[in-house]
1. Consider only pairs whose beta carbons are under 8 Å apart and that are at least six residues apart or on different chains; among these, list those whose first residue lies in segment 110-131 and is free of Cβ contacts under 8 Å to residues at least 24 places away in the same chain and under 11 Å from Ile29 (Cα atoms) and whose second residue is open to solvent by less than 20 Å² (accessible area, probe 1.4 Å) and part of a helix (DSSP H, G or I).
2. Determine which member of the set Ala141, Ala133, Ala104, Ala92 is open to solvent by 30 Å² or more (accessible area, probe 1.4 Å) and at pLDDT 95 or above.
3. Those residues that are modelled with pLDDT of 95 or more and more than 17 Å from Glu62 (Cβ to Cβ), I need them from segment 6-29; list them, please.
4. Which residue is surrounded by the fewest Cβ atoms within 10 Å (Cβ to Cβ), if the candidates are limited to segment 180-208 and must be assigned to a loop (DSSP other than H, G, I, E, B) and modelled with pLDDT of 95 or more?
5. I'm checking my understanding of the structure. Among residues of segment 10-38 that are more than 21 Å from Phe125 (Cα to Cα) and of a type outside the set (D, E, K, R), which one is least open to solvent (accessible area, probe 1.4 Å)?
6. Name every residue in segment 109-126 that is buried (at least 17 other Cβ atoms within 10 Å of the Cβ) and assigned to a helix (DSSP H, G or I), in order of residue number.
Amino acid sequence: MNTQRELIPVTARGEATRQKLLTAAEVEIGGNGFHTASVSSITGRADVGQGTFYLYFHSKEEIFLSLVKDIGRRLRKHMAMAIEGAENRMVAERRGLEAFFEFAQAHPGLYRIVQESQFVDETVFRNYYERLATGYAADLADAGTRGELSPGDPVARAWSIMGIGHFIGMRWCLWRGERPGPALVDAVMDFISHGIAPRDAGLPASFER
């Protein structure tokens, strides 16, 4: 784990250069992988000198882990903005799901970057998902208290629905390069809303405690 003090830009111009490097790192590492990418390939893509790179990051590992954190922040913000003002939780669920697919399509390196981070710093990898889940579970719990959801464990629900979005996004956004259409989102929302048990039957005996 990198324990060096993070280099923080003190000017708007410096922050713009730092973001330029992060954008280049996203494309380079997302396309070629962490081990293939290099500081020189990142700075070349960003059109800045290697000396400039070291004003903002100590190493390739540091910019990579900063990138994972930055992507997580941007994803959470993108989804929060998408659900703002939703009239109820199920509307928010659909908007959030669509916002994730939109983000995943716009950032094709997302999956590779996050998955590779577990081999560089497992804590950063886990925090990416845990921060998503913590905020999501809190929102589900609040919706439950308002009577917008049936009773249930908000943490289990948060991780389960995140898993659905993760794999739908992988198959369509990553592998096919396309955003899931309304019919597919309808199918996913139907599953989230009703599950797979027959709606006119109780819980099967094998699932009862």
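The values are calculated or read from the model by the stated rules, or taken from the named source; none is laboratory data. Just so we're clear, the structure is a prediction, and the values are computed from it rather than from any experiment. When we count neighbours, we look across all protein chains shown, and the Cβ atoms used for this are built from the backbone with ideal geometry, even at glycine. Quick note on the areas: whole protein, heavy atoms, side chains included, nothing else; ligands and nucleic acids left out. Shrake-Rupley method; radii C 1.70, N 1.55, O 1.52, S 1.80 Å.
1. none
2. Exactly one residue qualifies, and that residue is Ala141.
3. Answer for segment 6-29, where residues must be modelled with pLDDT of 95 or more and more than 17 Å from Glu62 (Cβ to Cβ): just Val27.
4. By that ranking, first place goes to Gly181.
5. Among them, the one singled out is Gly14.
6. The answer is Leu110, Tyr111, Ile113, Val114, Glu116, Ser117, Val124, Phe125.
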